[in-house]
1. Taking the mean number of other Cβ atoms within 10 Å as a proxy for protection, how do you rank 261-273, 137-149 from highest to lowest?
2. Can you give the local net charge around A48? Use residues other than it whose beta-carbon is closer than 12 angstrom to its beta-carbon, Lys and Arg +1, Asp and Glu -1.
3. Which one of Q151, I168, F74 is farthest out on the positive end of the charge dipole of the range 26-172, using unit charges on Cβ (Lys, Arg +1; Asp, Glu -1) and the Cα centre as origin?
4. Go through the range 37-117 and name the GluC sites (Glu not before Pro) that are in a DSSP coil and have 11 or fewer other Cβ atoms within 10 Å of their Cβ.
5. Report the gain in length on full extension from T209 to D155: 0.36 nm times residue separation, minus Cα-Cα distance, nm rounded to one decimal.
6. Give K116/K292; K205/K248; K140/K167; K115/K197; K132/K197; K69/K115 a once-over and call out the pairs whose C-alpha atoms are over 23 Å from each other.
7. Would you calculate the separation in nanometres between label points at K69 and A93, each defined as 7 Å from the Cα along the Cα-to-beta-carbon direction?
8. If each residue's Cβ is checked for other Cβ atoms within 10 Å, how do V38, V65 rank with the fewest at the top?
Amino acid sequence: MKLLVTSLAICVISSSFAGGNNRISKQEYVEQWSPVAVEQMVEFGIPASITLAQGILESANGNSVLATKGNNHFGIKCHGWEGKKMYKDDDRANECFRVYKNAEASYNDHSEFLKKYNRYAFLFEYDSDDYKSWAKGLKKAGYATNPKYPQLLIDIIEDLQLYKYDKIGNNGIFSAPQIIASSTVNSNTHAVQVHEKGVKYVVAKKGDTFYKIAEECGLTLNQLYRFNDFAERKDFLEVGDVVYIQAKKGANPFKKEEIVLTKDMSIHELAQLYAVNMKSVRRLNHYSEEIKVITKGEKVTLR
């Protein structure tokens with residue numbers, strides 16, 4: 001099977017919202033970040049409505065100092081953070097907050113943060129569309145100190161009808177049949193296959209375009225680009241290209257997997273072959289943005 005080997009990186013949505021005095025409205029925030037929230041829901045099981053509502057509340061619709069200067073949309077404090085930091089008054093004076101390269105990284109870290117700490121584990125027993133239980137559970141787990149925090153989230157979700165995004169993961173993202181026993185099923189025109197890592201993909205045919213595959217699978221173009229680590233809106237596909245229709249895996253802190261390359265390989269090719277997102281490959285192996293190709297014989301950590 002031929003893999004798409006063009007060296008590309010994730011198409012990052014502009015996150016700083018800097019460069020002007022225009023403030024972002026709640027609706028504009030939702031339009032900007034709902035695809036990312038849905039993607040996080042598919043990968044981690046956190047309701048998209050909860051993620052969006054927290055982003056809106058914690059970042060003042062992306063207008064707060066934490067969001068504009070630190071790309072921190074969820075008010076996540078340092079808690080052992082080894083990356084860049086910024087300090088501002090919160091519950092106490094001069095508290096430490098995480099700083100991200102872009103807001104998309106903030107969204108991903110928010111999901112990983114909830115997955116990482118045991119005190120949030122019970123939340124994942126709730127259904128991904130049970131936003132009320134999630135809102136109350138976040139307060140119970142100590143995410144926020146404001147006693148009104150659950151109701152604030154619920155009000156935002158209901159006022160903006162964010163609950164509709166929770167249904168997408170179950171009914172709207174993948175129009176192809178769900179995989180039950182077989183690793184291959186038929187969609188409208190493509191066979192939906194499942195990588196051994198559990199991630200769904202299709203193989204491009206003659207005349208395929210990103211738009212055609214996105215439409216067939218019930219995805220937005222933006223989601224398709226993100227799932228495949230595309231840096232730019234490529235207008236064509238080659239026969240045999242692997243196109244993931246589901247978010248690839250991130251790093252798993254509880255399971256380490258290493259390989260030794262048998263040939264030179266671009267980071268994008270590696271990410272497609274092993275169904276791991278490029279961001280995780282770079283982070284786990286401390287690769288800078290300048291590194292595009294990994295040489296034969298090098299050991300690479302995938303998980």
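What follows is calculated from the coordinates using simple rules that are stated; it is not laboratory data. Remember, predicted model here, so these are calculated numbers, not experimental data. Cβ atoms come from the backbone with ideal geometry, glycine included; neighbour counts cover every protein chain shown.
1. 261-273, 137-149
2. Here the count lands on -2.
3. F74
4. E82
5. 15.4 nm
6. K116/K292; K140/K167; K132/K197; K69/K115
7. For K69 paired with A93, the spin-label model returns 1.7 nm.
8. V65, V38
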